[in-house]
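Following: one structure in structure tokens, then a few remarks.
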Amino acid sequence: MHTNTSHRAIGDNDYLMPNPVQAHNRARFDAVRNDFIPHPAQFPIRYRLLPWRNRPTDSTSGDLGLSFHSAKYIPAGTRIELEIPLRGDIQRFAGTVVMVREEAEGFEIGLWLASPDDATRARNVERICHTECYLRSCRSREN
């Protein structure tokens, strides 16, 4: 049996077998990071753990993740809510921590967003955050 191909199950429904990741393919594991939009360190961000009763039922959208710096360790599998203040309003996103990398001064946290709506909003919010950071750096160079 070949494990690198998908198989069709017999019946009315089509099911696909997952393609297992080979144990020694380090580049494959590192490629996961490409699916995260990095939140700029200069832009404020807050997070809080979600209590069990307020956790979303869909754990991940599979569509987009955000990465950010945290001074504290947050274990993988933890559900959190991010808060990003933006132009007088607070943008909130719920998701699950799926990546934790130790850095010199804390941790890089990778968060898969809980819904496709959050993923769409997060793309736009992060574009604005990156643009505002760029504009601030341009203004500081002019002075």
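Just need the relative contact order of segment 81-143 here, percent rounded to a whole number, with Cα pairs under 8 Å and 6+ apart. Reported relative contact order: 23 percent.
Among the protein heavy atoms of segment 72-117, carbon and sulfur supply 47% of the accessible surface, probe 1.4 Å, non-protein parts ignored.
Could you rank the peptides 65-74, 127-136 by their average count of other C-beta atoms within 10 Å per residue, with the highest value first?
Numbers: 65-74: 15.7, 127-136: 13.5.
Highest to lowest by the protection proxy: 65-74, 127-136.
The values are calculated or read from the model by the stated rules, or taken from the named source; none is laboratory data. Predicted model only: the values in this text are computed from it and were never measured. Positions of Cβ are generated from backbone atoms using ideal geometry, with glycine treated the same way; all protein chains shown enter the neighbour counts. When the accessible area is computed, the model is the full protein with side chains, heavy atoms only, and any ligands, DNA or RNA have been set aside. Shrake-Rupley method; radii C 1.70, N 1.55, O 1.52, S 1.80 Å.
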